[in-house]
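Participant: Have a look at this one before I ask anything.
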Amino acid sequence: MADKWKQLEQSLDGLFCYVKVKADGHEVTFVKRKEGQRLIIAVFVDGVMEGDWYKAKDEKPVYPQARFWCPKRGRPWPLKQYAGLKKIYGKREADQMTAMKTLAFLPAWGSPKSLVRHLKKNFPDLAVLEETHV
């Protein structure tokens, strides 16, 4: 079990690679490619990457395919504006407005380690179907 995750991390650690896995009834493909000056791991669910899947509601993805994507956390309102928000809305509402939340989901991961950690936590029954190193 543990070596499945190590094998997945090692295969994604290469320069350019292609890994296909099966999780929760979806066929998920991870492609390591160059974007600008960085190497990223792009995520395709059932061979598709829809732009609409980025949406989050109540810190959960609106579309179930986005569960494989990288959650982006942030503050809806910057802390610099906390004092003004507190005067207008009160302390409780201002605290909620400046709390860290999952705002969106991105179709790319920056490192294989964070991707594997996410997969291990959310998809323990994941099965590796195919690995290719270029």
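The values are calculated or read from the model by the stated rules, or taken from the named source; none is laboratory data. Just so it is clear, the model here is predicted, and its values are computed rather than measured. Using ideal geometry, Cβ is built from the backbone for each residue, glycine included, and neighbour counts are taken over all protein chains shown.
Participant: Looking at the range 47-60, which of the residues that are without any contact (Cβ under 8 Å) to a residue 40 or more places away in the chain and either part of a loop (DSSP other than H, G, I, E, B) or not basic (K, R) (or both) is nearest to R75 (Cα to Cα)?
Facilitator: Going through the range 47-60, the residues without any contact (Cβ under 8 Å) to a residue 40 or more places away in the chain turn out to be 47-48, 50-52, 57-58.
Now restrict to residues that are either part of a loop (DSSP other than H, G, I, E, B) or not basic (K, R) (or both): 47-48, 50-52, 58.
On the way: G47: 32, V48: 29, E50: 25, G51: 22, D52: 21, D58: 13 Å.
That would be D58.
Participant: Now a separate question. Would you be able to tell me the number of residues in the range 84-129 that are in contact (Cβ under 8 Å) with a residue 40 or more places away in the chain, out of contact with any strand residue (DSSP E or B) (no Cβ under 9 Å at 6 or more places or on another chain) and either surrounded by 15 or more Cβ atoms within 10 Å (Cβ to Cβ) or hydroxyl-bearing (S, T, Y) (or both)?
Facilitator: So the answer is 2.
Participant: Something else now. Would you point out the residue of the range 72-126, among those that are assigned to a strand (DSSP E or B) and among the aliphatic types (A, V, I, L, M), that is modelled with the lowest pLDDT? Steps first, answer last, please.
Facilitator: Going through the range 72-126, the residues assigned to a strand (DSSP E or B) turn out to be 72-74, 101-106, 108-109.
After this cut, where a residue has to be among the aliphatic types (A, V, I, L, M) as well, the list is 103-104, 106, 108.
Details: L103: 84, A104: 91, L106: 91, A108: 92.
Among those residues, the one meeting the criterion is L103.
Participant: In the range 49-75, how many residues are under 24 Å from G14 (Cβ atoms) and exposed (fewer than 11 other Cβ atoms within 10 Å of the Cβ)? Steps first, please.
Facilitator: Within the range 49-75, the first condition is being under 24 Å from G14 (Cβ atoms), and the residues that meet it are 49, 68-70.
Okay, now just the ones that are also exposed (fewer than 11 other Cβ atoms within 10 Å of the Cβ), so none.
Residues that pass the stated criteria total 0.
Participant: Something else now. Does the range 1-46 hold any residues that are assigned to a strand (DSSP E or B) and over 18 Å from the mean Cα position of the chain (by Cα), and which are they? Give the steps one after another, and end with the answer.
Facilitator: Let us first name the residues in the range 1-46 that are assigned to a strand (DSSP E or B), namely 17-23, 26-35, 38-45.
C17, the sole residue that qualifies.
Participant: Kindly check whether there is at least one residue in the range 8-15 that is touching a residue at least 24 places away in the same chain (Cβ under 8 Å), of a type in the set (A, V, I, L, M, F, W, C), crowded, with 16+ Cβ neighbours inside 10 Å and farther than 19 Å from L126 by Cα.
Facilitator: Taking every residue of the range 8-15 in turn, none turns out to be touching a residue at least 24 places away in the same chain (Cβ under 8 Å), of a type in the set (A, V, I, L, M, F, W, C), crowded, with 16+ Cβ neighbours inside 10 Å and farther than 19 Å from L126 by Cα.
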